[in-house]
């Protein structure tokens, strides 16, 4: 088996699989190709370097609208994940049962949920480093 890299298509061609191999390809080792492609799964992209050989680059940054859409999905998922905790607490209160959450925990949960709702209007949206932080005890109650 021989593996080739084509600088114009930034694609690898294996002579045992591909019936067509374009002109201008460079012979490349299968082991190096596999190592390079393993890193692609971490978000990097394969392109031809100045010498024609494959190199990895970081993907271009997301457009602001794309980043905002992704963060809204994250935010909505966090709100949905805490809906059950809020419902359980309210049901326990209305039923006269002992609540799973303390009043302080419930207040912190509602503050977190409000921060999630307000986050898109903050000046730090959609920066991941500025996502609202869940109360540390919340994970064990989900």
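Considering the conditions (1) surrounded by 10 or more Cβ atoms within 10 Å (Cβ to Cβ); (2) without any contact (Cβ under 8 Å) to a residue 60 or more places away in the chain, residue 129 is excluded by exactly one of them, (1).
Residues of segment 6-43 that are within 12 Å of residue 54 (Cα to Cα) and in a loop (DSSP other than H, G, I, E, B): 7, 8, 9, 10, 25, 29. A search for C-beta distances below 7 Å between a residue of segment 68-80 that is in the same structural domain as residue 118 (by TED's automatic domain parsing) and in a helix (DSSP H, G or I) and any residue that is exposed (fewer than 13 other Cβ atoms within 10 Å of the Cβ) and modelled with pLDDT of 95 or more, counting only pairs 6+ apart in sequence or on different chains, returns 72/120.
Can residue 101 be described as assigned to a loop (DSSP other than H, G, I, E, B), surrounded by 14 or more Cβ atoms within 10 Å (Cβ to Cβ), assigned by TED's automatic domain parsing to the domain that holds residue 130 and on the phi < 0 side of the Ramachandran plot? Against the criterion (assigned to a loop (DSSP other than H, G, I, E, B), surrounded by 14 or more Cβ atoms within 10 Å (Cβ to Cβ), assigned by TED's automatic domain parsing to the domain that holds residue 130 and on the phi < 0 side of the Ramachandran plot), residue 101 qualifies.
The values are calculated or read from the model by the stated rules, or taken from the named source; none is laboratory data. All figures in this text were calculated on a predicted structure; none of them were measured in a lab. All Cβ positions, glycine included, derive from the backbone under ideal geometry; neighbour counts span all protein chains shown.
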